[in-house]
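*Asks:* Please read through the structure below; I'll follow up with questions.
Nothing in this text is a laboratory measurement; each read-out follows from the coordinates by a stated rule. From a predicted model like this one, the values you see are computed outputs, not experimental measurements. Here the Cβ positions follow ideal geometry from the backbone for every residue, glycine too, while neighbour counts run over all protein chains shown.
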Amino acid sequence: MSTTLAPKLWTEDLESHRRDVRGAVLDAAAALVAEHGLASVTMSDLAKSAGIGRATLYKYFSDVNAVFAAWHERSVASHLAELLAAHARPGTPAARLEAILETYARLAHADHGSELVALMSGGEHVARGYAKLTELIAEVIAEGAAAGELRDDVAPAELASFCIHALGAAGSAPSRAAVRRLVAVTLAGLRRAKR
């Protein structure tokens, strides 16, 4: 069984303590799913792994599915933060787009085969995340089209959707090298044709 650090009994304030306990439970959930599979995780396992009592766990989460939903929501938020950081990098629109697409493909590849991701893929937080990702990519594509770097014959939102769907294949790519090739092919489809 995995060993995780239990949260401190108390931190500086109640809100910090609650955040620490919640984080410990979500970390425990991820570790237990990775070690034993989704179907075998119980509330007792989660409490033990997080270093808290079952009664405390039930104050935070009603059941295992609530824990999984919270873990996935935290994961989506973390992925979105990485994508926002890639979007904010300095450089040309084409370079920024490449950074965003590489980040997205890497994240898709890392989540390959995750039972939890498959279970939670229809949540509202996922839809919000994809909407934000589409917006980020479309914005950079529009900037690149205006700068003459990227194609301008297709609407940026349509190209953003193309990128997301094309790079979804990174989840089943056999290697990081295959993921990089997939990003390169996707970027090639976005370059402005020489006129």
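*Asks:* Tell me which residues come under 5 Å, amide H to amide H, from Leu150 once H is placed; ignore anything under 5 positions away on its chain.
*Replies:* The answer is Ala145, Arg192.
*Asks:* Match the structure shown to one of the listed values [x] 1.02; [y] 1.08; [z] 0.93 of Rg/Rh (Cα atoms, Kirkwood Rh), computed from it, and give that label.
*Replies:* [y]
*Asks:* Roughly how tilted is helix 176-188, in degrees to the nearest 10 and between 0 and 90, from the longest Cα axis of the chain?
*Replies:* Approximately 40 degrees, to the nearest ten.
*Asks:* At a Förster radius of 30 Å, what calculated FRET efficiency corresponds to the Cβ-Cβ distance of Arg191 and Glu124, to the nearest 0.05?
*Replies:* Values: r = 35 Å, r/R0 = 1.16.
Efficiency at R0 = 30 Å is approximately 0.30.
*Asks:* By how many nm would the segment from Ser44 to Ala147 lengthen if fully extended, with 0.36 nm per residue of separation less the alpha-carbon distance?
*Replies:* Details: separation 103, 0.36 × 103 = 37.08 nm, distance 5.68 nm.
Length gained, Ser44 through Ala147: 31.4 nm.
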